[in-house]
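Participant: I'd like to ask some things about the structure below.
FYI, it's all coordinate maths here, none of it is from the lab. Source: prediction; values computed, not measured. No Cβ is skipped: glycine too gets one built from the backbone with ideal geometry, and neighbour counts run over all protein chains shown.
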Amino acid sequence: MLMLITYDVRTEDTAGRRRLRRVARACQDFGQRVQFSVFECEVEPAQWVALRARLVGEIDPTVDSLRFYHLGANAARRIEHVGAKPAQDFDAPLIF
Amino acid sequence: MRQHLNTLFVTTEGSWLRKDGANIVVEVEGQERGRVPAHMMGGVVCFGRVAMSPALMGFCAEQGIGVSFLSEHGKFIARVEGAQSGNVLLRRRQYRLADDPVVSAVIAGSIVAGKVANQRTVLRRALRDHGSNMAPDQAAAIDDAQRRLADAARLAAETTDLDRVRGLEGEGASAYFGVFDHLIRAAAPELRFRGRSRRPPLDVPNALLSFLYAILGHDCRSALEVVGLDPQVGFLHRDRPGRAGLALDLMEELRPLLADRVALSLLNRGQLTAKDFEWHDGGAVMLRDDARKTVLATYQERKRQELLHPFLEEKITIGLIAHIQARLLARHLRGDLDRYPPFLWK
């Protein structure tokens, strides 16, 4: 299933910038960055539980926020991209 | 149901693969070319001069991602393997049964029956689709061959003698490859098939087949590792140092569907022409760089297509067949299934 993850992390102090990096890192491990604070992650339900727990553990809920959009298994047709930096399809042939 | 994991192919000379968090990163000349999350990958196949960081190798071994290094022409060179894992009881059972000539012959018979039946499907499909455009003698030859294959498949499923199984496999191969050239509808004389040849392949279809078999071999091997079977100890292919006997066994039924058919499509659709190959001294024919990418892309597309698995009666992607067959084989070895049901392509 495809998850869309967006976040806001307050970066006024070093601890905040650290949280931002760590949230981005967690998302990156499971998916790809499609815009600055927006990640698309293709995960199995069990992987999602792990990723979600990791993200929730990273943020400071008093000042930061996370939003999860469940796009389901048939996500490809619900997404339209216009402009620069199109997302990569990890299910398509990967030949570099 | 396990999701269809993708395979990362790295064909650019001088690529450098490294680990970044849980991502596999492909760099060429210091520039990042691609980045994929490891959890979606089932395997990494590197062609030619491609290097990989030790950290990534260890990570892949740990995550069960098969890593193979092939020469630029697709010849197997090396594979990265982590700590031996899987179920020791299953492996031990596999070794015991592989030592039993009758059990081996029955399993090998199923495998060969599946292979020969699938070869027959390739021929029948060609007859159905293009039979009316073929010269009458060619169509008759194909029809004759498909009958011989039907006989061989039936006999292979019944025999309990390993040498007989091998004989039937050989009969099937000679009937099948005897008419394989008629299936190539491209007119160019350089693209003709002149009998199976390998090490080195001596014509274009052979070069394509050898390349595809190497890739398919990697996939089958990974599938066996995932299930916990030992890819080296086969039933049809007997032990020989450095040979993945069971991976070759598992591959047999899939060759017609995943390699032969893909090779034919590439030639018949005109996606590959004589320009895509190079002729070496001594007659060897090799795929050129760009053509390799075309072949891999077509192969991967093929694996994404869905069909109905005749035994499970479930819709699956073609890429999952190797995993499912490995699982069915494990079930048979454990004694949960009376016979190993080969994959029969309808």
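Participant: Write out the GluC sites (Glu not before Pro) in region B:1-59 meeting two conditions: DSSP loop, and at most 15 other Cβ atoms within 10 Å of their Cβ.
Facilitator: B:Glu13, B:Glu29
Participant: Then there is this: Let me know the shape class of chain B, please: from the alpha-carbon gyration tensor, a ≥ b ≥ c as square roots of the eigenvalues, rounded when a/c is under 1.5, otherwise prolate if a/b is greater than b/c, or oblate.
Facilitator: Numbers: a/c = 1.82, a/b = 1.11, b/c = 1.64.
Here chain B falls in the oblate category.
Participant: Still on this structure, please answer the following. Taking other Cβ within 10 Å of each residue's Cβ, how do B:Leu344, B:Leu272 sort, fewest first?
Facilitator: Details: B:Leu344 15, B:Leu272 25.
Ascending number of Cβ neighbours within 10 Å: B:Leu344, B:Leu272.
Participant: Show me the chymotrypsin sites (Phe, Trp or Tyr not before Pro) within region A:15-57 that DSSP assigns to loop and that have at most 13 other Cβ atoms within 10 Å of their Cβ.
Facilitator: A:Phe36
Participant: Still on this structure, please answer the following. When the helices in chain A are scored as -39500 (n - 2.57) per DSSP H run of 4 or longer and the sum is shared across all residues, what 222 nm value do you end up with, to the nearest 500 deg cm²/dmol?
Facilitator: Taking each H run of at least 4 residues, the total per residue is -10500 deg cm²/dmol.
Participant: Next up: Excluding B:Gln119 itself, calculate the net charge of residues whose Cβ lies under 9 Å from the Cβ of B:Gln119, where each Lys or Arg counts +1 and each Asp or Glu counts -1.
Facilitator: Cβ neighbours under 9 Å give a net charge of +2.
Participant: Here's a follow-up. In degrees from 0 to 90, rounded to the nearest 10, what is the angle of the helix A:45-58 Cα long axis to the longest principal axis of chain A?
Facilitator: Approximately 30 degrees, to the nearest ten.
Participant: Then there's this: Quick one: go through region B:247-277 and flag any residue whose amide nitrogen is under 17 Å from the point 7 Å out along the Cα-to-Cβ line of B:Glu72.
Facilitator: B:276-277
Participant: Given the Cα-Cα distance of B:Ser174 and B:Asp144 and 0.36 nm per residue of separation, how much length would full extension add, in nm?
Facilitator: Full extension from B:Ser174 to B:Asp144 adds 9.6 nm.
Participant: Could I ask something else about it? For the residue pair A:Val56 and B:Leu344, what label-to-label distance in nm results when each label sits 7 Å from Cα along the Cα-to-beta-carbon direction?
Facilitator: Using points 7 Å along Cα→Cβ, the separation is 5.0 nm.
Participant: Only residues of region B:178-221 count here: report those whose backbone N is under 20 Å from the spot 7 Å along Cα→Cβ of B:Asn133, or say none.
Facilitator: Under 20 Å, as judged by backbone N against the label point of B:Asn133, lie B:179-193, B:205 of region B:178-221.
Participant: With runs of 4+ DSSP H residues as the only contributors, calculate the mean residue ellipticity of chain B at 222 nm using -39,500 (n - 2.57) per run, divided by the residue total and rounded to the nearest 500. Write out the running numbers ahead of the final one.
Facilitator: On the way: 10 runs with 169 residues, N = 346.
Here the helix-only value at 222 nm equals -16500 deg cm²/dmol.
Participant: Sort A:61-69, B:157-165, B:201-209 by the packing proxy (mean of other Cβ within 10 Å over each peptide's residues), most packed first.
Facilitator: On the way: A:61-69: 12.7, B:157-165: 16.3, B:201-209: 24.3.
For the peptides A:61-69, B:157-165, B:201-209, the packing ranking is B:201-209, B:157-165, A:61-69.
Participant: Shifting gears a bit: Using the alpha-carbon centroid of each, what span in Å lies between region B:133-211 and region B:278-305?
Facilitator: A separation of 20 Å, based on Cα centres.
Participant: Out of region A:38-84, which GluC sites (Glu not before Pro) are coil in DSSP terms and have no more than 13 other C-beta atoms within 10 Å?
Facilitator: In loop regions of region A:38-84 (DSSP not H, G, I, E or B), the sparsely surrounded GluC sites (Glu not before Pro) are A:Glu80.
Participant: For chain A, modelled as a Gaussian network with Cα springs under 10 Å, which listed residue fluctuates most, A:Gly72, A:Gly83, A:Gly57?
Facilitator: Between A:Gly72, A:Gly83, A:Gly57, it is A:Gly83 that shows the largest mean-square fluctuation.
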